[in-house]
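Beneath this line is the structure, given in structure tokens, with notes to follow.
The values are calculated or read from the model by the stated rules, or taken from the named source; none is laboratory data. Note that the structure is predicted; figures quoted are calculated from it, not measured. Glycine also receives a Cβ, built like all others from the backbone with ideal geometry; neighbour counts cover every protein chain displayed.
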């Protein structure tokens with residue numbers, strides 16, 4: 001097999017394993033705006049909320065972690081988040097954006113989900129955290145219920161990797177290679 005034949009084959013294999021639902025390689029995620037409550041921002045000693053839009057996913061390489069408002073969903077791709085933390089990526093070129101679907105929380109735990117998101121924002125102030133009370137992102141991106149999705153976008157906001165579900169160790173390595181290649 002010639003090299004010119006390997007590249008298209010590799011692209012076909014890569015795309016079949018990494019792109020979920022309506023994510024498409026080389027284009028931005030479907031546009032969605034979250035205003036209830038929205039993106040968490042540090043405001044003095046407190047937390048405030050502001051509207052967030054997927055159109056803001058430019059300027060840096062980003063890993064978007066879109067999770068249900070459940071501790072089980074947060075744990076699903078914790079190894080990927082641990083790999084990102086361990087890599088000590090440059091803050092001027094990289095950012096993690098966590099979108100929490102509060103609409104997909106266990107009944108009666110919405111207040112806990114909000115409090116946990118606020119605690120995370122205080123601990124990881126440089127990260128972008130979005131609390132989505134209405135599940136708009138999950139609907140627009142056709143995400144699985146009770147799940148966790150990882151999406152990597154380049155500095156132009158174009159999708160380079162996406163998986164809705166638990167990443168295998170091989171997919172974590174692949175994702176980290178993509179991130180490092182984009183930086």
Residue check: is residue 132 in contact with a helix residue (DSSP H, G or I) (Cβ under 7 Å, 6 or more places away or on another chain) and either surrounded by 19 or more Cβ atoms within 10 Å (Cβ to Cβ) or under 21 Å from residue 163 (Cα atoms) (or both)? yes
Let me confirm something: among 143, 167, which residue is over 18 Å from residue 52 (Cβ atoms) and either touching a residue at least 24 places away in the same chain (Cβ under 8 Å) or surrounded by fewer than 18 Cβ atoms within 10 Å (Cβ to Cβ) (or both)? 167
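Given the condition without any contact (Cβ under 8 Å) to a residue 60 or more places away in the chain and touching a strand residue (DSSP E or B) at 6+ places or on another chain (Cβ under 8 Å), answer yes or no: does some residue in region 150-164 qualify?
First, the residues of region 150-164 that are without any contact (Cβ under 8 Å) to a residue 60 or more places away in the chain: none.
Scanning region 150-164, I find no residue that is without any contact (Cβ under 8 Å) to a residue 60 or more places away in the chain and touching a strand residue (DSSP E or B) at 6+ places or on another chain (Cβ under 8 Å), so the answer is no.
Within the bounds of region 87-99, is there any residue that is assigned to a helix (DSSP H, G or I) and at pLDDT 95 or above?
Initial filter on region 87-99 (assigned to a helix (DSSP H, G or I)): 87.
Next cut, at pLDDT 95 or above only: 87.
Yes: one or more hits.
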List, please: which pairs have Cβ atoms under 8 Å, are six or more places apart or on different chains, and start with a residue in region 24-41 that is at positive phi and at pLDDT 95 or above and end with one that is assigned to a strand (DSSP E or B) and surrounded by 17 or more Cβ atoms within 10 Å (Cβ to Cβ)? 38/49; 38/52; 38/130; 38/131
